[in-house]
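**Q** Below is one structure. I have some questions about it.
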Number of protein chains: 2
Amino acid sequence: MVKADGCVAIHADGGAYKPLNWMNSPNTLTDNGDHWVVTNPKGETLTINLAEVLDEVSHEFGEDPGLTKDGVEAHLQELLAASPEVMEDGLRLVRREYPTAIGPVDLVCRDADDGVVAIEVKRRGEIDGVEQLSRYIERLHLDSSLGDVRGMFVAQVIKPQARVLAESRGYRCVEVDYDALRGLAPDELRLF
Amino acid sequence: MVKADGCVAIHADGGAYKPLNWMNSPNTLTDNGDHWVVTNPKGETLTINLAEVLDEVSHEFGEDPGLTKDGVEAHLQELLAASPEVMEDGLRLVRREYPTAIGPVDLVCRDADDGVVAIEVKRRGEIDGVEQLSRYIERLHLDSSLGDVRGMFVAQVIKPQARVLAESRGYRCVEVDYDALRGLAPDELRLF
DNA sequence: GACTCTATCTCGGTA
DNA sequence: TACCGAGGTAGAGTC
């Protein structure tokens, strides 16, 4: 199996996981008819002798959409959506993944005074997360139906630089404990 | 990719080694047209939604010949054949894989006194290796052209029980250092 | 980019 | 059969 990045894998007809032999990209494949030679910049060589060719097919698959994993940032967001009061007393969820033209806002809530709060959720709170929140808030301000929008930056750990930037822009910073949150969540969100 | 043992692997178009997702055999695959459901006895489920089918090919490959690895017992035997004096002064190779009716003897040599020596080579010397050597020597004694045959048991490590048995039968025990042997071998046998 | 840690790890070896 | 350790580990997350 030769993939789009040039890597080569030789699979046996059993055992899903590991190829018999392989070479990762970057490499170069030379097709010599009855044998292929694959070499990489480290000077390693993989020679494949072809005894018989039963089939040979090739397809273009285009961009790899990749995988999105469950149980990390998405799961943290889910837990916070289920228990907004953990972040601030009186907070109520308006919606998760609130759509804007520049991407969805993780959480939009209303506070005890009915003011709109835009919340950016990260596992590790760093500067780029604060910038992201700023862009969303700027965007939400254009939506006159929401009135004034307050920002809140929520993460398991917020780095000092990120905290300074966020607070200088008037965003509240909240650190949350993932495990405690998990214990607090309603049964249907718990994994055990 | 579905293999002969029923295992299923979903590969992205890059990164040779690891599938995006997979399920090992034993399992059962149910083809529901637009989606496949793979389940295993542990109760785990893998559901594959088919967005588009570009190609579908199937081949019978027959018995898997497997892989034989270099650098293990066969390689040790090769190195010893190239340097018999490592095992005993004056030893000269007669031949490797000396054929008998019950299988090949790893090495047959002649010692300084021109006596025939049958040698069993193992990575780890255990009792079954000594028994194997005994059978070969018994067999070689039937071959009157060789005269008396002495036994030698050679391994990287010889277990105490195996050593006791071998020496009680009059076989010399020799432990050899693979790495030292490798450094000692002629250039064409060296890998670097 | 270097380093650390996890894995439905796989795979081989040994008690 | 269970446990332990290495791997061309790969791959993701972190500093």
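**Q** Any idea how many residues of the stretch B:96-137 are among the acidic types (Asp, Glu) and either surrounded by 23 or more Cβ atoms within 10 Å (Cβ to Cβ) or modelled with pLDDT under 90 (or both)? Give the steps one after another, and end with the answer.
**A** Filtering the stretch B:96-137 for residues among the acidic types (Asp, Glu) gives B:97, B:106, B:111, B:113-114, B:120, B:126, B:128, B:131.
Next, only the ones that are either surrounded by 23 or more Cβ atoms within 10 Å (Cβ to Cβ) or modelled with pLDDT under 90 (or both) stay: B:97, B:106, B:120, B:126, B:128, B:131.
Total satisfying the criteria: 6.
**Q** Considering only the stretch B:119-133, I want to know if a residue exists there that is more than 16 Å from DNA strand C (Cβ to nearest atom), assigned by TED's automatic domain parsing to the domain that holds B:Asp177 and over 25 Å from B:Ser168 (Cα atoms).
**A** Within the stretch B:119-133, not a single residue is more than 16 Å from DNA strand C (Cβ to nearest atom), assigned by TED's automatic domain parsing to the domain that holds B:Asp177 and over 25 Å from B:Ser168 (Cα atoms).
**Q** Something else about it: If a residue has to be within 14 Å of DNA strand D (Cβ to nearest atom) and part of a strand (DSSP E or B) to count, how many in the stretch B:17-41 make the cut?
**A** Residues flagged as within 14 Å of DNA strand D (Cβ to nearest atom) and part of a strand (DSSP E or B) within the stretch B:17-41 amount to 2.
**Q** Is the stretch A:138-148 home to any residue that is modelled with pLDDT of 90 or more and of a type in the set (A, V, I, L, M, F, W, C)?
**A** yes
**Q** Contact list please: Cβ distance under 9 Å, first residue in the stretch B:25-48 and within 13 Å of another protein chain (Cβ to nearest Cβ), second residue outside any loop (DSSP other than H, G, I, E, B) and surrounded by fewer than 10 Cβ atoms within 10 Å (Cβ to Cβ), pairs at least six apart or on different chains.
**A** Matching pairs, first to second residue: none at all.
**Q** Scan the stretch B:81-92 and tell me whether some residue there is part of a helix (DSSP H, G or I), small (Gly, Ala, Ser) and in contact (Cβ under 8 Å) with a residue 40 or more places away in the chain. Show your work before the answer.
**A** Going residue by residue through the stretch B:81-92, those that are part of a helix (DSSP H, G or I) are B:81-82, B:84-86.
Filter once more, so that each one left must be small (Gly, Ala, Ser): B:81-82.
Checking which are in contact (Cβ under 8 Å) with a residue 40 or more places away in the chain leaves us with B:82.
Checking the stretch B:81-92: at least one residue is part of a helix (DSSP H, G or I), small (Gly, Ala, Ser) and in contact (Cβ under 8 Å) with a residue 40 or more places away in the chain.
**Q** Assess whether A:Leu76 counts as being more than 14 Å from chain B (Cβ to nearest Cβ), within 13 Å of DNA strand D (Cβ to nearest atom) and in contact (Cβ under 8 Å) with a residue 60 or more places away in the chain.
**A** yes
Yes/no per residue for (1) surrounded by 12 or more Cβ atoms within 10 Å (Cβ to Cβ); (2) more than 11 Å from DNA strand C (Cβ to nearest atom):
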residue: B:Leu20; (1), (2): yes, no
residue: B:Asn24; (1), (2): yes, no
residue: B:Leu29; (1), (2): yes, yes
residue: B:Asn32; (1), (2): no, yes
residue: B:Val37; (1), (2): yes, yes
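The values are calculated or read from the model by the stated rules, or taken from the named source; none is laboratory data. Since this is a predicted model, take the numbers as computed values, not measurements. FYI the Cβ positions are ideal-geometry reconstructions off the backbone, even for glycines, and counts take in every protein chain you see.
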